[in-house]
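Step one of this worksheet: look at the structure below.
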Amino acid sequence: MSNQVNVDIQVLPSTGGDVYSIVDRAIGVIQASGLKYEVGALGTTVEGDLDSCLDVAKAAHRACFVDGVSGVVTVIKIGEAVGGSSIEEKVAKYREEG
């Protein structure tokens, strides 16, 4: 089995302030990780080995704890397949020009 998985990360900070700026902090952590990633409307998908993906999910979760944030719920989905799993193979058919 290949080590490559896809992990979707959705952070949900508890704050009365600007949620988007806090989510942007989490996305910044993902961008800095060096993993392949794709930002979606409701979460960000990363691609790599499972341990690296889970490490970046934990770092993104913790990055949300800034002034005014009393809690964070992070939803994580893991996609894995024999032979590996890639973002591209999951979305390619939807990106082809009609």
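Throughout, read-outs are computed from the coordinates displayed, never taken from laboratory work. The structure displayed is predicted, hence computed values, not measured ones. Here the Cβ is made from the backbone with ideal geometry for all residues, glycine too, and neighbour counts use every protein chain on show.
A few points about this structure:
- Residues of the range 14-42 satisfying the condition of being surrounded by 15 or more Cβ atoms within 10 Å (Cβ to Cβ) and outside any helix (DSSP H, G or I): 15, 33, 35, 37, 38
- Conditions (1) in contact with a Ser or Thr (Cβ under 9 Å, 6 or more places away or on another chain); (2) in a helix (DSSP H, G or I); number of the one not met by residue 11: (2)
- Filter result for residue 58 (in contact (Cβ under 8 Å) with a residue 60 or more places away in the chain and out of contact with any helix residue (DSSP H, G or I) (no Cβ under 9 Å at 6 or more places or on another chain)): no
- One residue stands out among those in the range 60-98 that are surrounded by 15 or more Cβ atoms within 10 Å (Cβ to Cβ) and among the hydrophobic types (A, V, I, L, M, F, W, C): the one that is nearest to residue 4 (Cα to Cα), which is 87.
- Set 74, 45: member being in a strand (DSSP E or B) and touching a His at 6+ places or on another chain (Cβ under 6 Å): 74
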